[in-house]
Amino acid sequence: MFRRRVVSGVGFCVTGICLLSVLMSAAPADTRVPDVAGKGDKAALRALLKDGADVNAAQGDGMTALHWAAFNGDSEMTQLLLVAGANVTSKTRLANLTPLLLAAETGSAPVVASLVKAGSDVNAVNSAGMTPLMLAATAGAADAIDVLLKGGAKPNLKEKTHGQTALMFAAANDRAEAIAALLAGGADYKIATAVVQPPAPRGFGGGGGRGNRGQPPAPAAAAAAQQQNNNDDNPFIPPDPSGGMTPLLYAAREGRIQASRALLDGGADVNERSADKSTPLLVATINGHFDTAMFLLERGANPNLGSGAGATALYGAVNVQWAPKVFYPQPSTRLEKNSHIDLMKALLDRGADPNAKLLKDLWYTGYNGGGGSLAAAGATAFWRAAHSGDVDAMRLLVSRGANPGMTSANGVTPLLMAAGAAYFGTDEVVVPQGRMPAVRYLVDELHADVNAIDTRGGFSAVHHAAHRGDDDMILYLVSKGARVDIVAKNGQTTADMANGPRQRVQPYQETITLLMGLGASNSHKCVSC
């Protein structure tokens, strides 16, 4: 005979062969009280309680009538249930929600006050480590925040995932009044989230990843490995840490002007920095929040404070405006009142260095799967503008002292970028007019060398135009003295670049014919054929 034992109401055979449930034969739970409370039916609730129904009866997920009254922000029902003996400490089965947590989430100050007076734990946490104060801050319920603080809520507790405080939740959601209430109650605007040191990439003692452009998880290992590949002559540069986000940095990342104002008025430093040394101005800019960046400039933000990668807001404005198309959506600037040109002018007016260089690649440029862009280490804002053919930005920068001859660390010139260096098909984003106006501006007005090659690969502007099958650009460059017989360090000729040089790039037969007619040789090594 198999012996059966019962654990937590479930019967099963010791051998595991049979599985029986005592619950199958048990009477169904009486959930009438929470059921009518959820519907807001006070008359039915009073009748049930008068007949002796259990005020603390719970539904399957643990929701009691008091939970429902709190969730619905129903102060009258809350009082009725408390008088009837409702348990303020009861929690739901899945998320450990108390009635107070639900009341705080809805922002109902009267319900919060009743529950606090009845003895609710003002510092109770749900399964994610969120407190009532954090939920009230998210809701922007300043009155509820005041009640919680007076009831003993600790203003600087942190949730357990990133170490965010109530002030950070208020900042991210643009809750200016909640921010004022929290600051008055002792919330510390200097507290930052946890700093995460990314592991070294494979080949350098480990593997892993991190990321988000204002700090939670990016592919650091892959980015660092790519960076190392793109900077063979340089020693390995470890990826920057992530985290270290203050409330003001959260407000900047989300484009929250009112929250930023409340925090600055409360004493926050407009130039504070995250773990990777990004300022609120830079974080707002790289997330496409140009209006917020303008506000921060007006409040004294320093435009020359760069991140650990050397990124400044000037480079960031161009970079986000022409962000590549990747698997993870890039920030949009379409709803901003200020254009990237407006922001660039304001930055330059306040002393931004037009020739500031990146120290290393920016992982967020092609976040989560962007194409094969060249290493941007050493690049300037002018170089990045040339990449996308943004002549307006190029002219502005030159008028403010930008050096159009500065190259990246690998010797890639602005002309090479405008011609299509790092081109990766439909991932690339350029101005509506295309690349030719930028190439003409560089050559005709700035006298760029049409035969310059990068120091790493030895590719010329004709190579890059051929790679895209751009016959008009090839003819223009040749008319300006460009050679078609330059051979890259890997042996590729200009005609080879038009002949399916990599997978998924089919040969441009007309371009091959044109180049061969101009004197280029064809090695007939089509990779995609």
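For this structure, a couple of remarks:
- Residue match in region 81-102 (condition: touching a Gly at 6+ places or on another chain (Cβ under 7 Å), in the same structural domain as THR165 (by TED's automatic domain parsing) and closer than 21 Å to ALA178 by Cβ): no
- Hits in region 84-106 (condition: in contact with a Ser or Thr (Cβ under 6 Å, 6 or more places away or on another chain) and not β-branched (Val, Ile, Thr)): SER90, LYS91, ALA95, ASN96, LEU100
- Residues in region 420-441 that are under 34 Å from the mean Cα position of the chain (by Cα) and in a helix (DSSP H, G or I): GLY425, THR426, ASP427, MET436, PRO437, ALA438, VAL439.
- Boolean, LEU282 is over 16 Å from the mean Cα position of the chain (by Cα), part of a helix (DSSP H, G or I) and of a type in the set (A, V, I, L, M): no
- Here region 311-332 is the region considered, the condition is being over 17 Å from GLY366 (Cα atoms) and out of contact with any Ser or Thr (no Cβ under 6 Å at 6 or more places or on another chain), and the residue that is surrounded by the most Cβ atoms within 10 Å (Cβ to Cβ) is LEU314.
- When residues of region 374-407 are limited to those that are assigned to a helix (DSSP H, G or I) and of a type in the set (D, E, K, R), the one surrounded by the fewest Cβ atoms within 10 Å (Cβ to Cβ): ASP392
- Test for GLY129: is it more than 23 Å from PRO34 (Cα to Cα), in contact with a Lys or Arg (Cβ under 7 Å, 6 or more places away or on another chain) and surrounded by fewer than 21 Cβ atoms within 10 Å (Cβ to Cβ): yes
- Residue match in region 284-300 (condition: in contact (Cβ under 8 Å) with a residue 60 or more places away in the chain, polar (S, T, N, Q) and over 16 Å from ALA393 (Cβ atoms)): yes
- Selection status of ASN410, part of a loop (DSSP other than H, G, I, E, B), of a type in the set (S, T, N, Q) and farther than 18 Å from ASP449 by Cα: no
The values are calculated or read from the model by the stated rules, or taken from the named source; none is laboratory data. Note that this is a predicted model, so its numbers are computed, not measured. We place every Cβ from the backbone using ideal geometry, glycine too, and count neighbours over all the protein chains shown.
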